[in-house]
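> Attaching a single structure in structure tokens format; questions to follow.
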Number of protein chains: 2
Amino acid sequence: MQLVKDMLSGQRLALARLISKVENRDEDLASIMELLYPHTGKAQIWGLTGPPGAGKSTTVDRLVTHLRTQGKKVAVVAVDPSSPFSGGAILGDRIRMQQHATDPGVFIRSLGTRGKHGGLSHATKEVVLTLDAAGFDVILVETAGVGQTELDILRLAHTVIVILVPESGDSIQVMKAGLMEIADVFAVNKCDRPEADKLVREIVNMIGMEHRDWTIPVLKTEAVRDAGIAELIAGIEAHQGYLTQSGARQGKVRTFLKNEIADILMERLSHSLEFAFDSSSGKEVLQDLLDRKIDPYKAADLIST
Amino acid sequence: MQLVKDMLSGQRLALARLISKVENRDEDLASIMELLYPHTGKAQIWGLTGPPGAGKSTTVDRLVTHLRTQGKKVAVVAVDPSSPFSGGAILGDRIRMQQHATDPGVFIRSLGTRGKHGGLSHATKEVVLTLDAAGFDVILVETAGVGQTELDILRLAHTVIVILVPESGDSIQVMKAGLMEIADVFAVNKCDRPEADKLVREIVNMIGMEHRDWTIPVLKTEAVRDAGIAELIAGIEAHQGYLTQSGARQGKVRTFLKNEIADILMERLSHSLEFAFDSSSGKEVLQDLLDRKIDPYKAADLIST
């Protein structure tokens, strides 16, 4: 496929077109992934999340700048699942990232909700594979919030960075939101605010109770002033080093690929069900179900055979 | 099954046990649903959502009180998907609902996240079917927020009530969050606050641009003072009347049942994949995928055959 060749030779427009095809679940998707997949596996995938107002976007912006000074090619995927109906990304094309717009070593893309049954999570995974094949050194996946969909999406990352601010609540809320389980690195942003040290202490204490191989660092940042960003990158790199040395990276990649296979089969099932419900036998099954002659589990047996 | 018989004869403990079985995806689930399903289809299912702090819980509390004075049996299912790891519901057993705790005509249950691939949405649907079979007149499903997972869950409701407060933002944010598409009735709560009328006006204007069969009412409530609750119930009942007269109810039930069948088959696929990955041929496929000898779509073909 010419488009894939063009993308692999570094053509930016070809990359943008391929990503659109992936996002729109193009009919050539399987062929595209077949061609791309051998070129994947080199990028570091960082996930970044936090409650609204924590300064995620500013932090991403700073991380990009620092990584660029290190000569790394960086892709940013901003995912906003909060609008299941708009079909596009609310975040738009990120005006704040404009300073990177003319830099050929930076690629920025927003993804909104597509379809159902984990469609956004699946599309995001394949967009990341595409960017990996395109040769980006670091792929930063930023999600808009800390709901279940967002956290599901972040399972594709090697390292998950959770950004908090003192106002986002106490450590109990952090735990409740499931952030303790997903975080590999914590950043307490806007650390000039009075309650920052208290939040850092609380989280450090909670981490201390957990006894894991990797001790999650809790770092202080003030992204608007570019403070603590180098230390944040060092913390992320330390986690990447841990993943490689401990062999945990292999396990993460394995889980990622299992999920990708599951997503592919779920998507296929979803498509085949649409056809099944439209067939005459499918309509009959549904009518019998509506008339309560059969129950949903029996109907599922009948529809799937 | 004795438990189902006991539940159908009105035993509360049997109902609670059945719901636990449904929530925990018991191995007898298919048999349970087969026995329950013929008794379903009588309840009105109301969904209720809104941003945090909108007063959802207080509103539910008031709705229950009003429905009880009408002699209706009411079940409340409070769903909190925000914690994907805790395995239990954060909301706990709702201390604020204590006044209804000794009322045999009220049943309250909190559901937290279980499993993956839409597990919570599926479990919630079947809990609602169980409560329907148990003879509740109104089943109120309250979700904790307005993320995609929450809105997915609300697709099971006949009537969706969206609670807003002036502080929850302007009408543009309401639209962005996808609430305009899901709402059948809007309630602007804490309507004593200065900006309430402005929010009501904006939403009414947006609704005016949509031209649908059902004109979504925008009602003002002050749940803490029990103000506007009777009008809210009247608005909901009007929507229920519309559903019946227009034939739209049939379409909603059909969609609900299609989703239930899809969920059953997705859950089965998910289980069978766990076995497939553990089998020797499955491990081989995964290793070939890790070694990039095959791509994920090819791996999906091999795993599913």
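> Can you tell me which of B:Arg212, B:Arg201, B:Arg225 is under 21 Å from B:Gln245 (Cα atoms), surrounded by fewer than 20 Cβ atoms within 10 Å (Cβ to Cβ) and of a type in the set (Lys, Arg)?
B:Arg212 is the lone residue from the list that is under 21 Å from B:Gln245 (Cα atoms), surrounded by fewer than 20 Cβ atoms within 10 Å (Cβ to Cβ) and of a type in the set (Lys, Arg).
> Just for the stretch B:176-202: of the residues that are without any contact (Cβ under 8 Å) to a residue 12 or more places away in the chain and closer than 28 Å to B:Asp152 by Cβ, which one is farthest from the chain's Cα centre (by Cα)?
Once the filter is applied, the top-ranked residue is B:Lys176.
> Out of A:Val64, A:Val22, report the one residue that is modelled with pLDDT under 95, surrounded by 21 or more Cβ atoms within 10 Å (Cβ to Cβ) and assigned to a helix (DSSP H, G or I).
A:Val22
> Return yes when B:Met209 is assigned by TED's automatic domain parsing to the domain that holds B:Leu63 and either under 30 Å from A:Gly282 (Cβ atoms) or not small (Gly, Ala, Ser) (or both) and no when it is not.
Against the criterion (assigned by TED's automatic domain parsing to the domain that holds B:Leu63 and either under 30 Å from A:Gly282 (Cβ atoms) or not small (Gly, Ala, Ser) (or both)), B:Met209 qualifies.
> Run A:Glu27 past the list (1) of a type outside the set (A, V, I, L, M, F, W, C); (2) assigned to a helix (DSSP H, G or I); (3) without any contact (Cβ under 8 Å) to a residue 24 or more places away in the chain and report the number of the one that doesn't hold.
(2)
> Residues in the stretch A:219-246 that are closer than 19 Å to A:Asn189 by Cβ and polar (S, T, N, Q): how many?
1
> Taking the options B:Leu257, B:Leu232, name whichever one is buried (at least 21 other Cβ atoms within 10 Å of the Cβ), at pLDDT 90 or above and assigned to a helix (DSSP H, G or I).
B:Leu232
> While we're looking at this one, here's another question. Are any residues in the stretch A:43-54 farther than 15 Å from A:Val79 by Cα and at pLDDT below 95, and if so, which ones?
Result: A:Gly53, A:Ala54.
> Quick check on my filter: what residues within the stretch B:265-275 are in contact (Cβ under 8 Å) with a residue 40 or more places away in the chain and more than 9 Å from chain A (Cβ to nearest Cβ)?
B:Glu267
> Right, something else. In the list B:Leu219, B:Leu243, which residue meets the criterion of being in a strand (DSSP E or B), among the hydrophobic types (A, V, I, L, M, F, W, C), at pLDDT 95 or above and surrounded by 14 or more Cβ atoms within 10 Å (Cβ to Cβ)?
From the options B:Leu219, B:Leu243, the qualifying one is B:Leu219.
> When the stretch A:276-297 is examined, which residues are found to be assigned to a helix (DSSP H, G or I), more than 14 Å from B:Leu265 (Cβ to Cβ) and either more than 9 Å from chain B (Cβ to nearest Cβ) or among the basic types (Lys, Arg) (or both)?
Matches in the stretch A:276-297: A:Asp278, A:Ser280, A:Ser281, A:Lys283, A:Glu284, A:Gln287, A:Asp288.
> I'd like to know if the stretch B:28-36 contains one or more residues that are on the phi > 0 side of the Ramachandran plot and either surrounded by fewer than 21 Cβ atoms within 10 Å (Cβ to Cβ) or aromatic (Phe, Trp, Tyr) (or both).
No; the residues of the stretch B:28-36 include none that is on the phi > 0 side of the Ramachandran plot and either surrounded by fewer than 21 Cβ atoms within 10 Å (Cβ to Cβ) or aromatic (Phe, Trp, Tyr) (or both).
> Just one of B:Ala262, B:Ala238 is more than 26 Å from A:Gly282 (Cβ to Cβ) and either under 21 Å from the mean Cα position of the chain (by Cα) or within 14 Å of another protein chain (Cβ to nearest Cβ) (or both); which is it?
B:Ala238
> Which of the following residues is touching a helix residue (DSSP H, G or I) at 6+ places or on another chain (Cβ under 7 Å) and basic (Lys, Arg): A:Lys42, A:Lys73?
Unique residue meeting the criteria: A:Lys42.
> Looking for something of a type in the set (Gly, Ala, Ser), assigned to a helix (DSSP H, G or I) and at pLDDT 85 or above - is there at least one such residue anywhere in the stretch B:139-158?
No; the residues of the stretch B:139-158 include none that is of a type in the set (Gly, Ala, Ser), assigned to a helix (DSSP H, G or I) and at pLDDT 85 or above.
> When the stretch A:140-173 is examined, which residues are found to be over 17 Å from B:Ala144 (Cβ atoms), surrounded by 22 or more Cβ atoms within 10 Å (Cβ to Cβ) and among the charged types (D, E, K, R)?
Hit for the stretch A:140-173 is A:Glu142, nothing else.
> Select from the stretch A:216-231 the residues that are within 10 Å of A:Thr59 (Cα to Cα) and either in contact (Cβ under 8 Å) with a residue 60 or more places away in the chain or of a type in the set (Val, Ile, Thr) (or both) and list them in ascending order.
Result: A:Thr221, A:Ala223, A:Val224, A:Asp226, A:Ile229.
> If you check A:Gln250 against the conditions, is it assigned to a helix (DSSP H, G or I), within 14 Å of chain B (Cβ to nearest Cβ) and either loosely packed, with under 13 Cβ neighbours inside 10 Å or in contact (Cβ under 8 Å) with a residue 60 or more places away in the chain (or both)?
Here the answer is yes, as A:Gln250 does meet what is asked.
The values are calculated or read from the model by the stated rules, or taken from the named source; none is laboratory data. Keep in mind the model is a prediction, meaning the values are calculated, not measured. When we count neighbours, we look across all protein chains shown, and the Cβ atoms used for this are built from the backbone with ideal geometry, even at glycine.
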